[in-house]
Amino acid sequence: MVRACPWTAAWRRLAVPLVIALLVTTSLAPVHAEWPQGHQRKALLSPGLIHLPAENKTFVLGGKIRMTATVTESITDVAIIDLNQAVSSNNISAQAISTAPFSLLAPAYRLATFAVDNGNGVYEAWMWASGNSSSIWRVPDLLSPKAALVSQPVKDKLPTVNFPGYISASEPRKPSEAATYLFGNTTASGQEVSAVGNDTLWRFDKDGLTEVTPSSKTRPPGRGWSSLVQSGSTLVLTGAGPVGNDIWSFNTVSLAWTKRTTNLTSDRFDHASAVYTTPSGSRFIIIVGGSSGSAVEYFDADSAKDGVRESVTGDGPRSLLGAASLFLHDSHLFLVGGLTGTGDSPSGLLLSIIKITPSPDGSALKFAWTPTYTPAKLAKDKDDGGNSLSTGAIIGIVVGSIAFLVLVGIAEYVLVRRRRQQKKARQLATDSAADDRDSLVTAVDPTPAEIIAAEQAVMANKTGGTTGGSELGTPTYFWDAAAGTGSRRPVSPLSPGEMYPPMTVPPMVSAPGYAAAVAVPPGQYAAGPSSHSPYSSQARPQQQQQQQQQQQKPGPARPHDDGPIYLA
């Protein structure tokens, strides 16, 4: 029988916990616990954003690196912001930031994006880079660990559109509503309004980039560098480059443009915007960047009230010049990239966070820079005195648990092996003792057949048989075979010249002990040695004593044909 290796048995018991621990570790551990290398270089400008509110994750797509006022470089890096964790501002080694499993197919920034919610946690992402007239890109499953970006063929050549107003961050929509919008067009340098398509609204969906024809001639003047935001079926267009402060809205169902009666409090371009809904249900459009100073402007989306200019309190950038991408999550504004400072040497921002605090009645908003965003669940755990653990701590615990399980497996293997060795040694000792006992019994105890043969040999010699005799000459004792009694008696020494006649003695019996000269009827005793058998090793001393007593008694002499016999 083949015994299983003790390692196999030990590891089988540990297999399930080890697999679970490894899966947990894999799911928790980020690919890189920091911003991708491309995003860490100098000033990051206008990356694309896809925000997944239900998953608390945001994808940061590409961007442009501004090394000097005249030297820039677009990148292909893609980062993931995990909003389930605490997120630190402008920290390249933030634990909540990781590198996505895919990169852009080509360097790009100011990406127009939309996401499709296909159900069961599967999000399909689409993106188009400003100025790209040949292809659009698609990620079939954005959250897959093996997510990959592919080039999607288009039916017709895409129009050339440069620096339009676009929605900074997209969120998932139903397949029937999945699309995003852009407005305007400039020259390739972005310095002037293009002669073609500068007042055009573009729709970007799975079929590519197409022009939207309004239901009336009313439309905004041509422009570029503006900002779009969508709330339901309404698009809101703000600002223009190089200068502009007007506000327009577009209904995606009626395809009609409407100009708002009130304008922004200042001209803005290359800015970002978001829609914020208060707990009481009020909706506000928030504008960030694109002007001097760090003031944020907001206005009521459902009324014609004038906009409000509000300063951002706390420690933060002195100004927000523009080029920042913006998404809203859990009453916090997240600005990814952007320029700050004054003069000819503006510095770059990586990630800045502004906390929004609505008034009790929801009619006003306050803004403050915050160094760290803490998810509501983590904040509640801290308030309740809970000991919430960071991802790093959880990973440490899991790795330590795996190491402990490995040590337990090794210890179990050693113990199992030692027990088997001890059991084998005991078995060998038992088998050896049994073999020795069987050898001893076989050597000491003659079989009944051997005893009967020895008795017959003795009787044959006593009655004058000559089988196996030996001749001896000795002056010690006389045996008179003719007397018939077999008695021994001393004899007188021989005269000079006389010789004793030859003596015939019985042969030596080969059976050890020689004392058991008793005929045993067949079947009287059980086979094998026994303490109750007269042939056992325990009965042998008593038999030897009886034989010695019989030898000391003189026996009767009997006549012998050959005359006197002398025994030694």
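Things worth noting here:
- Of the residues in the range 340-348, not one is modelled with pLDDT of 90 or more, touching a strand residue (DSSP E or B) at 6+ places or on another chain (Cβ under 8 Å), β-branched (V, I, T) and buried (at least 18 other Cβ atoms within 10 Å of the Cβ).
- Each residue in the range 267-295 was checked for being surrounded by fewer than 21 Cβ atoms within 10 Å (Cβ to Cβ) and either among the aromatic types (F, W, Y) or not assigned by TED's automatic domain parsing to the domain that holds T238 (or both), and 1 pass.
- Conditions (1) in contact with a Pro (Cβ under 9 Å, 6 or more places away or on another chain); (2) at positive phi; (3) of a type outside the set (A, V, I, L, M, F, W, C): number failed by G290: (1)
- Subset of the range 321-337 [assigned to a loop (DSSP other than H, G, I, E, B) and of a type in the set (A, V, I, L, M)]: L321, A323, A324
- Given (1) of a type outside the set (V, I, T); (2) at pLDDT below 90; (3) under 28 Å from I50 (Cβ atoms), number of the condition K382 does not satisfy: (3)
- When the test is whether a residue is in contact (Cβ under 8 Å) with a residue 60 or more places away in the chain and either assigned by TED's automatic domain parsing to the domain that holds S144 or not in a loop (DSSP other than H, G, I, E, B) (or both), F102 does not pass it.
- Of residues in the range 172-201 being of a type in the set (S, T, Y) and surrounded by 17 or more Cβ atoms within 10 Å (Cβ to Cβ), the one farthest from I50 (Cα to Cα): S194
- Residues located in the range 271-295, provided they are β-branched (V, I, T) and in a strand (DSSP E or B): V275, T277, I285, I286, I287, V288
- Criterion violated by I247 - all others in (1) touching a Lys or Arg at 6+ places or on another chain (Cβ under 8 Å); (2) at pLDDT below 95 satisfied: (2)
- Annotation: of all residues in the range 296-318 being of a type in the set (A, V, I, L, M) and part of a strand (DSSP E or B), the one that is surrounded by the fewest Cβ atoms within 10 Å (Cβ to Cβ) is V308.
- Annotation: of all residues in the range 195-214 being in contact (Cβ under 8 Å) with a residue 24 or more places away in the chain and out of contact with any Phe, Trp or Tyr (no Cβ under 9 Å at 6 or more places or on another chain), the one that is nearest to I136 (Cα to Cα) is D207.
The values are calculated or read from the model by the stated rules, or taken from the named source; none is laboratory data. Everything numeric here is computed off the predicted structure, so don't read it as measured data. Don't worry about glycine lacking a Cβ; one is built from the backbone with ideal geometry, like all the others, and counts go over all protein chains shown.
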